[in-house]
Amino acid sequence: MEPKNNLNTRRSFLRNITWGATGLSLGSTVLQSCGEVNAQSDISSVASTLKGNIGTTVTRKNIATMAADDPELQLLKDAIGILRKRSADWPLDPAGWSENGALHTKFCATTEFSYQVHYSWYVWPWHRTYLWTLEKKLQHAVREPKLALHYWDWTKKPGIPEQYQGGDSNPLYNDTRRVNPDDIIPFDFMNMGPALRAKKFSTFGGYPFYKDGSEPQIDGMAEQSFHNNIHNWIGGEMAGFVAAGYDPIFYGHHGNCDRFWQAWLDADPNHQNPTDEEFLEKVFYFTDEKGKPIEIKVKDVLDTEKLGYRFEDLDFNSPDGDYNSREDLIVPSYDLVKASSVYNTSIEEEQKVQMLTKTDGNEVTQVRLKFERAKLPYMPYCSRVFFLFGNTEPNADNCKYIGTFTILPIVSAEEGKLEKDVYMHVEITKGIAQKIQNKEAIKVFFEPVQVRGRNIPDEPLQIEEITFELLT
(Lines give C-alpha, C1' and ligand atoms only; values in the text may rest on other atoms or scores of the structure.)
Protein backbone atom coordinates (compact mmCIF):
# COMPACT_ATOMS: atom_id res chain seq x y z
CA MET A 1 0.00 0.00 0.00
CA GLU A 2 1.24 3.48 -0.81
CA PRO A 3 2.42 5.43 2.25
CA LYS A 4 -0.11 7.96 3.58
CA ASN A 5 2.13 10.95 3.02
CA ASN A 6 2.92 10.06 -0.60
CA LEU A 7 0.33 12.31 -2.23
CA ASN A 8 1.20 15.39 -0.16
CA THR A 9 4.90 14.69 -0.63
CA ARG A 10 4.49 14.41 -4.37
CA ARG A 11 2.42 17.59 -4.68
CA SER A 12 5.05 19.53 -2.73
CA PHE A 13 7.78 17.90 -4.78
CA LEU A 14 6.17 18.91 -8.07
CA ARG A 15 5.53 22.49 -6.93
CA ASN A 16 9.16 23.09 -6.03
CA ILE A 17 11.15 21.60 -8.87
CA THR A 18 11.67 22.45 -12.52
CA TRP A 19 12.21 19.74 -15.09
CA GLY A 20 14.07 19.97 -18.40
CA ALA A 21 12.96 18.39 -21.62
CA THR A 22 15.15 16.16 -23.75
CA GLY A 23 13.24 16.84 -26.94
CA LEU A 24 13.03 13.08 -27.53
CA SER A 25 9.95 11.51 -29.05
CA LEU A 26 10.18 8.01 -27.68
CA GLY A 27 6.55 6.97 -27.41
CA SER A 28 2.94 7.90 -27.04
CA THR A 29 2.63 7.63 -23.26
CA VAL A 30 1.61 11.00 -21.79
CA LEU A 31 1.11 12.52 -18.36
CA GLN A 32 -2.56 12.32 -17.41
CA SER A 33 -2.19 14.66 -14.45
CA CYS A 34 0.41 15.60 -11.84
CA GLY A 35 1.77 12.36 -10.43
CA GLU A 36 -0.17 10.06 -12.75
CA VAL A 37 1.22 8.13 -15.65
CA ASN A 38 -0.30 5.63 -18.00
CA ALA A 39 1.63 2.50 -17.13
CA GLN A 40 -0.68 -0.09 -18.68
CA SER A 41 1.39 -1.11 -21.69
CA ASP A 42 3.58 -4.17 -21.43
CA ILE A 43 7.31 -3.55 -21.68
CA SER A 44 9.33 -6.21 -23.44
CA SER A 45 12.18 -4.33 -25.10
CA VAL A 46 14.35 -1.30 -24.57
CA ALA A 47 12.43 0.68 -27.16
CA SER A 48 9.17 0.33 -25.28
CA THR A 49 10.88 0.80 -21.93
CA LEU A 50 12.18 4.16 -23.06
CA LYS A 51 8.61 5.29 -23.66
CA GLY A 52 8.34 5.74 -19.92
CA ASN A 53 10.60 8.78 -20.10
CA ILE A 54 7.85 10.84 -21.75
CA GLY A 55 10.36 13.35 -23.07
CA THR A 56 11.26 14.41 -19.52
CA THR A 57 14.71 14.35 -18.00
CA VAL A 58 15.13 14.00 -14.25
CA THR A 59 18.13 15.46 -12.45
CA ARG A 60 20.13 13.26 -10.13
CA LYS A 61 21.50 15.23 -7.17
CA ASN A 62 24.07 14.80 -4.43
CA ILE A 63 22.12 13.15 -1.63
CA ALA A 64 24.53 14.51 1.00
CA THR A 65 23.35 18.06 0.32
CA MET A 66 19.64 17.31 0.65
CA ALA A 67 17.74 18.34 3.77
CA ALA A 68 16.24 15.60 5.91
CA ASP A 69 12.73 16.83 5.06
CA ASP A 70 13.40 17.37 1.36
CA PRO A 71 10.32 16.06 -0.51
CA GLU A 72 12.50 14.46 -3.19
CA LEU A 73 14.41 12.52 -0.55
CA GLN A 74 11.21 11.51 1.19
CA LEU A 75 9.74 10.29 -2.09
CA LEU A 76 12.83 8.17 -2.70
CA LYS A 77 12.50 6.65 0.79
CA ASP A 78 8.79 5.97 0.21
CA ALA A 79 9.56 4.21 -3.06
CA ILE A 80 12.30 2.05 -1.54
CA GLY A 81 9.95 1.27 1.33
CA ILE A 82 7.38 -0.02 -1.16
CA LEU A 83 9.97 -2.26 -2.84
CA ARG A 84 11.02 -3.57 0.56
CA LYS A 85 7.38 -4.29 1.45
CA ARG A 86 6.95 -6.23 -1.78
CA SER A 87 9.91 -8.41 -0.87
CA ALA A 88 8.58 -8.90 2.66
CA ASP A 89 5.27 -10.07 1.23
CA TRP A 90 6.90 -12.25 -1.44
CA PRO A 91 10.71 -12.57 -1.41
CA LEU A 92 10.76 -13.59 -5.07
CA ASP A 93 8.78 -10.59 -6.32
CA PRO A 94 10.84 -9.51 -9.37
CA ALA A 95 9.82 -5.88 -8.76
CA GLY A 96 10.90 -6.03 -5.10
CA TRP A 97 14.05 -4.88 -3.32
CA SER A 98 15.43 -8.36 -2.66
CA GLU A 99 15.24 -9.53 -6.25
CA ASN A 100 16.77 -6.26 -7.42
CA GLY A 101 19.73 -6.94 -5.13
CA ALA A 102 19.88 -10.50 -6.44
CA LEU A 103 20.42 -9.17 -9.97
CA HIS A 104 23.75 -7.74 -8.84
CA THR A 105 24.63 -11.05 -7.23
CA LYS A 106 23.87 -12.93 -10.43
CA PHE A 107 26.09 -10.86 -12.70
CA CYS A 108 28.83 -9.71 -10.31
CA ALA A 109 29.27 -12.69 -7.97
CA THR A 110 28.54 -15.24 -10.64
CA THR A 111 30.48 -18.44 -11.18
CA GLU A 112 29.29 -18.40 -14.80
CA PHE A 113 32.25 -16.89 -16.60
CA SER A 114 30.28 -15.44 -19.52
CA TYR A 115 27.93 -13.52 -17.17
CA GLN A 116 30.61 -11.70 -15.15
CA VAL A 117 30.54 -7.95 -15.85
CA HIS A 118 33.49 -6.91 -13.69
CA TYR A 119 37.11 -6.99 -14.85
CA SER A 120 36.22 -5.78 -18.34
CA TRP A 121 34.77 -2.89 -20.35
CA TYR A 122 31.23 -3.95 -19.45
CA VAL A 123 31.40 -2.90 -15.79
CA TRP A 124 30.26 0.70 -16.25
CA PRO A 125 27.45 0.22 -18.81
CA TRP A 126 26.09 -2.72 -16.81
CA HIS A 127 25.97 -0.75 -13.58
CA ARG A 128 24.43 2.24 -15.35
CA THR A 129 21.68 -0.03 -16.62
CA TYR A 130 21.28 -1.54 -13.16
CA LEU A 131 20.70 1.88 -11.60
CA TRP A 132 18.42 2.99 -14.42
CA THR A 133 16.13 -0.05 -14.18
CA LEU A 134 15.92 0.45 -10.41
CA GLU A 135 15.00 4.10 -11.00
CA LYS A 136 12.14 2.90 -13.22
CA LYS A 137 10.94 0.48 -10.52
CA LEU A 138 10.98 3.26 -7.94
CA GLN A 139 9.12 5.66 -10.23
CA HIS A 140 6.47 3.06 -10.91
CA ALA A 141 6.13 2.18 -7.21
CA VAL A 142 4.98 5.71 -6.31
CA ARG A 143 3.42 6.46 -9.72
CA GLU A 144 5.85 9.34 -10.17
CA PRO A 145 7.93 9.45 -13.38
CA LYS A 146 9.83 12.47 -12.04
CA LEU A 147 11.43 10.63 -9.14
CA ALA A 148 15.22 10.50 -9.52
CA LEU A 149 17.89 8.36 -7.99
CA HIS A 150 20.63 10.34 -6.27
CA TYR A 151 24.39 10.06 -6.03
CA TRP A 152 26.72 10.36 -3.06
CA ASP A 153 29.65 12.63 -3.92
CA TRP A 154 32.17 11.29 -1.44
CA THR A 155 34.75 13.86 -2.57
CA LYS A 156 32.59 16.53 -0.92
CA LYS A 157 31.24 14.38 1.91
CA PRO A 158 34.00 11.82 2.69
CA GLY A 159 31.94 9.90 5.21
CA ILE A 160 28.55 8.17 5.38
CA PRO A 161 25.97 10.96 4.85
CA GLU A 162 23.37 11.34 7.56
CA GLN A 163 20.73 10.62 4.92
CA TYR A 164 21.87 6.96 5.00
CA GLN A 165 21.91 6.74 8.80
CA GLY A 166 19.27 6.70 11.51
CA GLY A 167 18.48 3.05 12.09
CA ASP A 168 15.94 0.63 10.69
CA SER A 169 13.23 3.28 10.46
CA ASN A 170 15.16 4.79 7.54
CA PRO A 171 14.78 2.77 4.30
CA LEU A 172 18.26 3.96 3.28
CA TYR A 173 19.93 2.47 6.36
CA ASN A 174 21.89 -0.79 6.45
CA ASP A 175 23.17 -2.29 9.70
CA THR A 176 26.01 -4.32 8.17
CA ARG A 177 28.27 -1.35 7.42
CA ARG A 178 31.53 -1.47 9.38
CA VAL A 179 32.25 2.26 9.58
CA ASN A 180 31.13 4.64 12.32
CA PRO A 181 29.03 7.74 11.58
CA ASP A 182 32.01 10.06 12.07
CA ASP A 183 34.58 8.00 10.13
CA ILE A 184 36.29 9.80 7.24
CA ILE A 185 37.38 8.19 3.97
CA PRO A 186 41.16 8.52 3.53
CA PHE A 187 41.76 11.05 0.78
CA ASP A 188 43.96 8.68 -1.24
CA PHE A 189 41.02 6.23 -1.46
CA MET A 190 39.29 8.86 -3.62
CA ASN A 191 42.11 9.92 -5.93
CA MET A 192 40.40 10.29 -9.29
CA GLY A 193 43.13 12.17 -11.15
CA PRO A 194 44.83 9.18 -12.82
CA ALA A 195 41.52 7.77 -14.08
CA LEU A 196 40.45 11.20 -15.32
CA ARG A 197 43.69 11.54 -17.28
CA ALA A 198 43.51 8.08 -18.86
CA LYS A 199 43.55 8.58 -22.62
CA LYS A 200 41.86 5.35 -23.63
CA PHE A 201 38.62 3.83 -22.42
CA SER A 202 40.46 0.56 -21.81
CA THR A 203 42.76 2.24 -19.28
CA PHE A 204 39.89 4.18 -17.74
CA GLY A 205 37.05 1.68 -17.85
CA GLY A 206 38.35 -1.79 -18.67
CA TYR A 207 39.59 -3.93 -21.52
CA PRO A 208 37.54 -6.04 -23.94
CA PHE A 209 36.00 -9.20 -22.58
CA TYR A 210 37.27 -12.35 -24.28
CA LYS A 211 34.85 -15.16 -23.62
CA ASP A 212 37.24 -17.77 -25.01
CA GLY A 213 39.93 -16.79 -22.53
CA SER A 214 42.39 -15.93 -25.28
CA GLU A 215 43.32 -12.68 -23.51
CA PRO A 216 43.40 -11.71 -19.83
CA GLN A 217 40.46 -9.98 -18.19
CA ILE A 218 41.62 -6.53 -17.10
CA ASP A 219 39.67 -3.90 -15.22
CA GLY A 220 40.39 -0.21 -15.63
CA MET A 221 41.71 2.48 -13.31
CA ALA A 222 38.31 3.67 -12.13
CA GLU A 223 37.24 0.24 -10.96
CA GLN A 224 40.56 -0.68 -9.35
CA SER A 225 40.96 2.50 -7.34
CA PHE A 226 38.16 4.68 -5.93
CA HIS A 227 35.35 2.28 -6.88
CA ASN A 228 36.86 -0.71 -5.08
CA ASN A 229 38.40 1.34 -2.26
CA ILE A 230 35.11 2.86 -1.12
CA HIS A 231 33.21 -0.43 -1.39
CA ASN A 232 35.80 -1.98 0.89
CA TRP A 233 36.00 1.01 3.25
CA ILE A 234 32.26 0.85 3.97
CA GLY A 235 32.44 -2.87 4.69
CA GLY A 236 29.55 -5.19 5.44
CA GLU A 237 27.43 -6.08 2.44
CA MET A 238 29.18 -3.40 0.41
CA ALA A 239 32.55 -5.15 0.70
CA GLY A 240 31.62 -8.14 -1.45
CA PHE A 241 29.92 -8.92 -4.74
CA VAL A 242 27.31 -11.25 -3.24
CA ALA A 243 25.29 -8.76 -1.18
CA ALA A 244 26.39 -5.25 -2.23
CA GLY A 245 23.19 -4.57 -4.19
CA TYR A 246 21.07 -4.90 -1.04
CA ASP A 247 22.59 -1.84 0.66
CA PRO A 248 20.94 1.42 -0.51
CA ILE A 249 24.27 3.25 -0.28
CA PHE A 250 25.41 1.08 -3.20
CA TYR A 251 23.26 3.22 -5.49
CA GLY A 252 24.67 6.46 -4.12
CA HIS A 253 28.21 5.21 -4.60
CA HIS A 254 27.62 3.82 -8.07
CA GLY A 255 25.63 6.90 -8.98
CA ASN A 256 28.80 8.87 -8.33
CA CYS A 257 30.87 6.41 -10.36
CA ASP A 258 28.38 6.75 -13.22
CA ARG A 259 28.72 10.51 -12.88
CA PHE A 260 32.50 10.22 -13.08
CA TRP A 261 32.20 8.24 -16.32
CA GLN A 262 30.40 11.26 -17.77
CA ALA A 263 33.04 13.57 -16.30
CA TRP A 264 35.77 11.52 -18.01
CA LEU A 265 34.00 11.83 -21.35
CA ASP A 266 33.58 15.58 -20.92
CA ALA A 267 37.17 16.16 -19.75
CA ASP A 268 38.73 15.69 -23.19
CA PRO A 269 37.18 15.46 -26.68
CA ASN A 270 39.51 12.53 -27.34
CA HIS A 271 37.92 10.56 -24.50
CA GLN A 272 35.50 8.24 -26.28
CA ASN A 273 33.52 5.12 -25.50
CA PRO A 274 34.43 2.00 -27.51
CA THR A 275 32.86 1.71 -30.95
CA ASP A 276 33.49 -2.03 -31.35
CA GLU A 277 30.40 -4.03 -32.27
CA GLU A 278 31.24 -6.52 -29.50
CA PHE A 279 30.87 -3.67 -27.01
CA LEU A 280 27.86 -1.90 -28.49
CA GLU A 281 25.79 -5.02 -29.21
CA LYS A 282 26.40 -6.71 -25.86
CA VAL A 283 23.05 -7.69 -24.33
CA PHE A 284 22.30 -7.26 -20.63
CA TYR A 285 19.39 -9.02 -18.91
CA PHE A 286 17.28 -7.06 -16.44
CA THR A 287 13.67 -6.62 -15.34
CA ASP A 288 11.47 -3.62 -15.99
CA GLU A 289 9.38 -1.63 -13.52
CA LYS A 290 6.81 -4.42 -13.35
CA GLY A 291 9.41 -7.13 -12.92
CA LYS A 292 9.13 -8.37 -16.49
CA PRO A 293 12.39 -9.61 -18.10
CA ILE A 294 13.92 -7.27 -20.65
CA GLU A 295 17.04 -7.23 -22.79
CA ILE A 296 19.12 -4.06 -23.08
CA LYS A 297 22.16 -3.48 -25.28
CA VAL A 298 25.16 -1.40 -24.29
CA LYS A 299 24.57 0.99 -27.19
CA ASP A 300 21.19 1.90 -25.68
CA VAL A 301 22.64 3.19 -22.39
CA LEU A 302 25.58 5.34 -23.51
CA ASP A 303 23.60 8.61 -23.49
CA THR A 304 22.12 9.50 -20.10
CA GLU A 305 19.87 12.17 -21.61
CA LYS A 306 18.20 9.55 -23.81
CA LEU A 307 17.77 7.38 -20.73
CA GLY A 308 15.96 10.30 -19.11
CA TYR A 309 18.40 11.63 -16.53
CA ARG A 310 21.26 14.05 -16.10
CA PHE A 311 23.51 15.00 -13.19
CA GLU A 312 23.15 18.14 -11.14
CA ASP A 313 26.81 18.89 -11.89
CA LEU A 314 30.10 17.18 -12.70
CA ASP A 315 32.04 19.25 -10.21
CA PHE A 316 34.02 16.87 -8.03
CA ASN A 317 35.84 18.30 -5.05
CA SER A 318 39.20 19.48 -6.30
CA PRO A 319 40.81 22.04 -3.96
CA ASP A 320 44.20 21.60 -5.60
CA GLY A 321 42.83 21.46 -9.12
CA ASP A 322 43.84 17.84 -9.50
CA TYR A 323 40.95 15.68 -8.28
CA ASN A 324 42.21 14.96 -4.77
CA SER A 325 45.72 14.14 -5.96
CA ARG A 326 47.97 14.76 -2.95
CA GLU A 327 50.48 11.97 -3.34
CA ASP A 328 53.33 13.80 -1.58
CA LEU A 329 51.47 13.55 1.72
CA ILE A 330 51.65 9.75 1.71
CA VAL A 331 54.77 7.99 2.98
CA PRO A 332 55.20 4.31 3.85
CA SER A 333 56.30 2.79 7.10
CA TYR A 334 60.02 2.73 6.39
CA ASP A 335 60.53 0.08 9.05
CA LEU A 336 58.22 -2.21 7.08
CA VAL A 337 60.08 -1.39 3.91
CA LYS A 338 63.40 -2.33 5.45
CA ALA A 339 61.97 -5.52 6.91
CA SER A 340 60.41 -6.67 3.67
CA SER A 341 61.78 -8.66 0.80
CA VAL A 342 60.79 -6.55 -2.15
CA TYR A 343 61.48 -7.76 -5.63
CA ASN A 344 62.86 -6.16 -8.74
CA THR A 345 60.35 -5.64 -11.47
CA SER A 346 61.07 -6.66 -15.04
CA ILE A 347 60.11 -4.99 -18.27
CA GLU A 348 57.54 -7.04 -20.13
CA GLU A 349 57.30 -4.80 -23.16
CA GLU A 350 59.15 -1.66 -24.18
CA GLN A 351 57.08 1.05 -25.79
CA LYS A 352 57.42 4.69 -26.61
CA VAL A 353 56.29 6.77 -23.65
CA GLN A 354 53.38 9.15 -24.15
CA MET A 355 53.39 11.73 -21.38
CA LEU A 356 50.24 13.27 -19.93
CA THR A 357 50.19 16.75 -18.41
CA LYS A 358 48.57 17.27 -15.00
CA THR A 359 46.91 20.53 -14.07
CA ASP A 360 49.94 21.48 -12.01
CA GLY A 361 52.11 21.28 -15.12
CA ASN A 362 53.92 18.08 -14.15
CA GLU A 363 54.17 15.34 -16.73
CA VAL A 364 53.05 11.79 -15.98
CA THR A 365 52.41 8.56 -17.81
CA GLN A 366 50.63 5.33 -16.99
CA VAL A 367 51.94 1.82 -16.40
CA ARG A 368 50.26 -1.55 -16.08
CA LEU A 369 51.67 -3.80 -13.37
CA LYS A 370 51.15 -7.54 -13.42
CA PHE A 371 51.54 -9.97 -10.52
CA GLU A 372 50.03 -13.17 -9.22
CA ARG A 373 46.70 -13.03 -7.44
CA ALA A 374 47.51 -16.30 -5.72
CA LYS A 375 50.00 -14.51 -3.48
CA LEU A 376 47.34 -12.41 -1.76
CA PRO A 377 46.75 -13.47 1.87
CA TYR A 378 43.06 -12.51 1.74
CA MET A 379 40.61 -10.46 -0.28
CA PRO A 380 39.41 -7.75 -0.49
CA TYR A 381 42.99 -6.57 -0.09
CA CYS A 382 43.59 -2.84 0.18
CA SER A 383 47.13 -1.54 -0.13
CA ARG A 384 49.16 1.54 -0.88
CA VAL A 385 51.70 0.91 -3.61
CA PHE A 386 55.20 2.39 -3.52
CA PHE A 387 58.13 2.24 -5.94
CA LEU A 388 61.62 2.02 -4.44
CA PHE A 389 64.76 2.93 -6.32
CA GLY A 390 68.28 1.63 -5.75
CA ASN A 391 69.57 -0.48 -2.89
CA THR A 392 70.04 2.22 -0.24
CA GLU A 393 68.01 2.79 2.91
CA PRO A 394 64.43 3.80 1.99
CA ASN A 395 63.65 7.47 2.46
CA ALA A 396 61.38 10.19 1.08
CA ASP A 397 63.61 10.65 -1.95
CA ASN A 398 63.82 7.07 -3.16
CA CYS A 399 60.48 5.64 -2.00
CA LYS A 400 57.57 7.12 -3.95
CA TYR A 401 53.84 6.63 -3.48
CA ILE A 402 52.10 5.35 -6.62
CA GLY A 403 48.46 4.74 -5.69
CA THR A 404 45.92 3.06 -3.41
CA PHE A 405 44.06 0.04 -4.68
CA THR A 406 41.67 -2.63 -3.44
CA ILE A 407 41.89 -6.05 -5.05
CA LEU A 408 38.51 -7.73 -4.93
CA PRO A 409 37.86 -11.47 -4.51
CA ILE A 410 36.93 -13.51 -7.53
CA VAL A 411 35.03 -16.71 -8.13
CA SER A 412 36.52 -19.66 -9.92
CA ALA A 413 35.96 -19.56 -13.64
CA GLU A 414 36.22 -22.52 -15.98
CA GLU A 415 38.13 -20.51 -18.54
CA GLY A 416 39.83 -17.18 -18.85
CA LYS A 417 42.88 -15.69 -17.19
CA LEU A 418 41.32 -14.04 -14.17
CA GLU A 419 42.13 -16.42 -11.34
CA LYS A 420 45.92 -16.19 -11.47
CA ASP A 421 46.98 -12.69 -12.40
CA VAL A 422 46.26 -9.16 -11.24
CA TYR A 423 46.74 -6.27 -13.66
CA MET A 424 46.98 -2.90 -11.94
CA HIS A 425 47.08 0.48 -13.70
CA VAL A 426 49.21 3.10 -11.98
CA GLU A 427 50.32 6.60 -12.86
CA ILE A 428 54.01 7.55 -12.66
CA THR A 429 56.07 10.67 -13.14
CA LYS A 430 58.24 11.39 -16.14
CA GLY A 431 61.34 10.70 -14.06
CA ILE A 432 60.14 7.21 -13.09
CA ALA A 433 59.20 6.48 -16.69
CA GLN A 434 62.74 7.37 -17.73
CA LYS A 435 64.12 5.00 -15.11
CA ILE A 436 61.96 2.25 -16.56
CA GLN A 437 63.20 2.95 -20.07
CA ASN A 438 66.79 3.02 -18.80
CA LYS A 439 66.17 -0.39 -17.18
CA GLU A 440 67.17 0.90 -13.77
CA ALA A 441 66.30 -1.22 -10.75
CA ILE A 442 62.83 -0.42 -9.50
CA LYS A 443 61.21 -2.33 -6.67
CA VAL A 444 57.52 -2.52 -5.79
CA PHE A 445 56.27 -2.40 -2.21
CA PHE A 446 52.66 -3.04 -1.15
CA GLU A 447 51.77 -1.66 2.27
CA PRO A 448 48.43 -3.01 3.54
CA VAL A 449 45.85 -0.47 4.68
CA GLN A 450 43.82 -0.98 7.83
CA VAL A 451 40.07 -0.60 7.42
CA ARG A 452 37.65 -0.66 10.33
CA GLY A 453 36.62 -4.03 11.67
CA ARG A 454 39.11 -6.09 9.68
CA ASN A 455 42.55 -7.38 10.53
CA ILE A 456 45.55 -6.96 8.26
CA PRO A 457 48.95 -8.67 8.29
CA ASP A 458 51.63 -6.84 10.23
CA GLU A 459 53.96 -7.17 7.27
CA PRO A 460 53.83 -5.99 3.66
CA LEU A 461 52.58 -8.10 0.81
CA GLN A 462 55.28 -10.32 -0.66
CA ILE A 463 54.91 -10.47 -4.42
CA GLU A 464 57.30 -12.10 -6.86
CA GLU A 465 57.61 -11.78 -10.61
CA ILE A 466 56.13 -8.32 -10.95
CA THR A 467 56.25 -7.07 -14.52
CA PHE A 468 55.04 -3.86 -16.09
CA GLU A 469 54.47 -2.24 -19.44
CA LEU A 470 54.18 1.40 -20.38
CA LEU A 471 50.81 2.37 -21.82
CA THR A 472 50.50 4.67 -24.81
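The values are calculated or read from the model by the stated rules, or taken from the named source; none is laboratory data. It should be emphasised that the depicted structure is a prediction, and the values quoted were computed from it without experimental measurement. Here Cβ is always computed from backbone atoms with ideal geometry, including for glycine, and neighbour counts include all displayed protein chains. Each accessible area value is taken on the protein alone, full model and side chains, heavy atoms only, with ligands, DNA and RNA left out. Shrake-Rupley method; radii C 1.70, N 1.55, O 1.52, S 1.80 Å.
Summary of computed values
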quantity: Label-point separation, R178 to A88 (7 Å along Cα→Cβ), nm; calculated: 3.0
quantity: Net +/- balance of residues flanking I80 in space, Cβ distance below 11 Å, scoring K and R +1, D and E -1; calculated: +4
quantity: For F284, distant residues with modelled amide H under 5 Å away; calculated: I296, K297, V298
quantity: The stretch 179-244, accessible surface, carbon-and-sulfur percent (1.4 angstrom probe); calculated: 57
quantity: Magnitude of the charge dipole, the stretch 75-175, Cβ model with Lys/Arg +1 and Asp/Glu -1, debye to 20; calculated: 300
quantity: Pairwise FRET efficiency - E295 versus N270, Cβ, R0 = 22 Å, nearest 0.05; calculated: 0.10
quantity: Extension gain (nm, one decimal) between L329 and N455, 0.36 nm per residue minus Cα-Cα; calculated: 42.9 nm
quantity: Pairwise label distance in nanometres, D168 with T65, each label 7 Å out on the Cα-Cβ vector; calculated: 3.5
quantity: Shape call, the stretch 128-234: gyration tensor on alpha carbons, a/c limit 1.5; calculated: oblate
quantity: Rounded accessible area per residue of the stretch 180-299, 1.4 Å, Å²; calculated: 33
quantity: The stretch 233-311: C-alpha pair distances exceeding 15 Å, %; calculated: 71
quantity: Simple spin-label estimate for E281 and S114 in nanometres, 7 Å along Cα-Cβ; calculated: 1.5
quantity: Distant-in-sequence amide H partners of V422 (H built 1.01 Å from N, under 5 Å); calculated: F371, E372, R373
quantity: Summed side-chain charge close to F389 - residues other than F389 whose Cβ falls under 13 Å, Lys, Arg +1, Asp, Glu -1; calculated: +1
quantity: Relative packing of 305-317, 188-200, which averages over residues the other C-beta atoms within 10 Å, highest first; calculated: 188-200, 305-317
quantity: Relative packing of 155-166, 135-146, 216-227, which averages over residues the other C-beta atoms within 10 Å, highest first; calculated: 216-227, 135-146, 155-166
